[in-house]
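Let me begin by presenting the structure, written as structure tokens, before commenting on it.
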Amino acid sequence: MPATDGREWFVAQTQPRKEALALQNLRNQGFDAYCPRVRRTRRHARKFETVSEPLFPGYVFVGIDVAQQPWRSVNGTFGVSRILTDGAGPVALQEGLVEQLMAATGADGGVPGRAARVGQDVRLRTGPFADFVGCIVGLSAGGRVRILLRLMNREITIGASLSELDLLGQTA
């Protein structure tokens with residue numbers, strides 16, 4: 001969505017886990033609304049599932065032309081708690097910030113993330129096993145993984161953070 005004349009982007013705080021409801025109702029009122037999302041792998045009921053979650057939980061961006069649109073009506077929108085203000089009025093975000101986020105997201109509004117999978121090969125970047133290649137054998141919350149390494153005719157399992165890895169091809 002390219003910026004229209006006079007429109008600025010503001011931040012609206014949503015009710016807990018009501019970002020989608022807030023987006024829908026803001027759009028129904030004629031506001032531009034945006035909530036970037038990120039895909040995360042989480043463990044639930046002993047299974048791993050990939051879900052799309054808000055990049056900024058509890059907040060959405062609202063495009064408002066303050067000269068043409070009544071910004072106070074954002075506060076009365078279902079799913080929205082309040083628009084962030086400085087006391088006198090809403091605080092506009094830096095020009096171009098939301099447009100850059102939009103350009104970096106896919107068609108579904110998702111920010112490209114690093115989706116690791118069990119069975120995927122990885123290369124460690126740091127630590128005593130730097131440059132070793134292993135295979136992911138387990139995932140846990142918080143971006144931690146268990147990696148199977150083959151060293152000196154033995155297999156060992158180590159833990160690492162996704163930020164310490166380069167994801168390679170899929171083996172399983």
Within region 113-172, work out how many residues are modelled with pLDDT under 80 and among the charged types (D, E, K, R).
2
Report every pair of residues separated by at least 6 positions or lying on different chains whose Cβ atoms are under 7 Å apart, first residue within region 8-31 and under 22 Å from Asp86 (Cα atoms), second of a type in the set (S, T, N, Q) and not in a helix (DSSP H, G or I).
Gln13/Ser81; Thr14/Ser81; Gln15/Ser81; Ala22/Thr14; Ala22/Thr77; Leu26/Thr77; Phe31/Gln69
For a quick check of your reading of the model, give me the residue pairs whose first member lies in region 47-69 and is in a loop (DSSP other than H, G, I, E, B), whose second is among the hydrophobic types (A, V, I, L, M, F, W, C), with beta-carbon atoms closer than 8 Å and at least 6 apart or on different chains.
Leu55/Cys35; Leu55/Val38; Leu55/Val111; Phe56/Cys35; Gln69/Phe31
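The values are calculated or read from the model by the stated rules, or taken from the named source; none is laboratory data. This one's a predicted model, so the numbers in the text were calculated from it and none came from an experiment. Every residue, glycine among them, receives a Cβ derived from its backbone with ideal geometry; neighbour counts consider all protein chains shown.
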